[in-house]
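Step one of this worksheet: look at the structure below.
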Amino acid sequence: MVKKQNITFQPTQRLKYKPIPNASNHRTSPPTATTTTAKRPRLAPILLGGAFLYVTATYVSMIVFKSKQDTTLDQSQQQQPSDQSSPSDALTTKKADGTIVMQQVTPKNFDTRTIWGQVADRYDDEIGWDEKVMGIGLLRRWLVGQATGDVLEVSTGTGRNFDYYKPTQVESLTLTDDHPAMLKSAETKFTKHHQSRFHDAFKATFTPANVEALDENGFDTVVDTFGLCSCGDPAAALVSMAEACKSDESRILLLEHGRSHYDWLNRLLDTNVDQHVKKWGCWWNRNIMDLFEEDRVKEKLEIVSVSRWHFGTTCYVVAKPKKTPDEAK
Ligand SMILES: C[S@@+](CC[C@H](N)C(=O)[O-])C[C@H]1O[C@@H](n2cnc3c(N)ncnc32)[C@H](O)[C@@H]1O
């Protein structure tokens with residue numbers, strides 16, 4: 001038989017810590033989740049910093065890669081003898097000793113029309129990846145999402161903004177571009193993929209037009225994305241956009257690209273501008289913000305807000321027309 005024993009436990013050692021005098025500080029429960037999180041490294045700044053570094057590095061490598069690619073293309077074009085005249089022909093002058101000298105490309109001696117004709121079919125494929133990397137879709141969404149009422153989009157290209165128009169806000173959509181191949185591509189895209197988002201009676205109008213000499217007016221919103229870099233006279237384009245507005249309540253929504261805040265990047269853009277124009281019909285080193293300082297532009301419109309992205313090369317601008325009381329009637 002097992003004998004029952006009374007066993008008592010005695011502490012073998014005295015406690016080595018002193019009780020904390022302030023009883024309220026004496027934690028009897030395990031640390032709460034909040035206390036644990038506070039000790040972890042902060043994730044948000046690390047992620048944001050990482051994303052910023054990623055975008056910066058990708059953007060710079062893209063610009064360098066593009067300018068190298070354009071230069072290679074230009075050299076191979078120069079080496080190929082051709083019977084056909086090209087837009088570059090106007091750029092060569094023959095010296096007395098027979099040497100051929102290339103002139104600098106300007107809107108006066110270089111017609112980008114043929115470029116847009118060739119580019120239309122592959123424009124979306126070639127531009128799509130760059131835009132993803134740079135977050136251009138987001139900027140387009142913020143900008144174009146503000147379009148309301150009767151909307152005019154100039155230099156529409158292949159219609160890369162269609163996704164971002166809000167059918168509940170937009171009453172009519174008039175789309176213009178100077179180059180029929182680009183506009184045709186936009187029209188096909190709209191009919192196939194976007195018409196169904198709008199109400200049954202909604203009709204988008206596609207009209208070929210040079211933005212520098214628009215014959216349009218009465219719009220609540222005018223949209224132009226990446227158009228000022230391509231046209232011959234960007235200041236005239238801005239004046240036309242202001243004139244196309246209904247009243248000083250109207251808004252001109254612009255997403256453009258051009259010179260940077262930084263000299264090192266501008267040097268890269270300047271060095272390779274000729275090749276870039278010949279490939280893409282785009283003067284990527286234009287000073288976009290300086291256009292708003294030209295007298296003829298200042299007379300017609302004023303800036304409401306500006307933000308600049310990608311080292312200042314991307315300009316997000318909301319402007320409004322200056323209407324005299326008579327014009328506003
Ligand atoms: C870089 S693309 C931009 C297209 C489009 N807005 C976008 O965001 O993708 C420039 C467009 O401007 C058009 N363009 C160039 N010069 C023009 C002009 N003077 N008037 C109207 N459109 C013009 C070209 O045909 C081309 O479609």
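No value in this document is a laboratory result; all are computed from the given coordinates. None of these values were measured; they are calculated from a predicted model. Glycine also receives a Cβ, built like all others from the backbone with ideal geometry; neighbour counts cover every protein chain displayed.
Net charge dipole, the range 175-214: roughly 260 debye, given to the nearest 20, about the Cα centre with Cβ charges of +1 for Lys and Arg and -1 for Asp and Glu.
Compared with the alpha-carbon gap, the fully stretched path from A96 to F202 is longer by 32.0 nm at 0.36 nm per residue. Positive-end ranking of V154, V133, A213 along the dipole of the range 116-215, with charges on Cβ about the Cα centre, is headed by V133.
Distance between the C-alpha centres of the range 180-231 and the range 101-168: 11 Å, rounded to the whole angstrom.
For the peptides 288-299, 205-216, 271-282, residues were scored by their other Cβ atoms within 10 Å and the scores averaged per peptide; the highest-first order is 271-282, 205-216, 288-299.
Under the combined filter of DSSP loop state and at most 12 neighbouring Cβ atoms within 10 Å, the range 122-204 retains these trypsin sites (Lys or Arg not before Pro): R122, K203.
The shape of the range 113-328 can be summarised by an equivalent ellipsoid whose semi-axes, obtained from the alpha carbon gyration tensor, come to 25, 22, 16 Å from longest to shortest.
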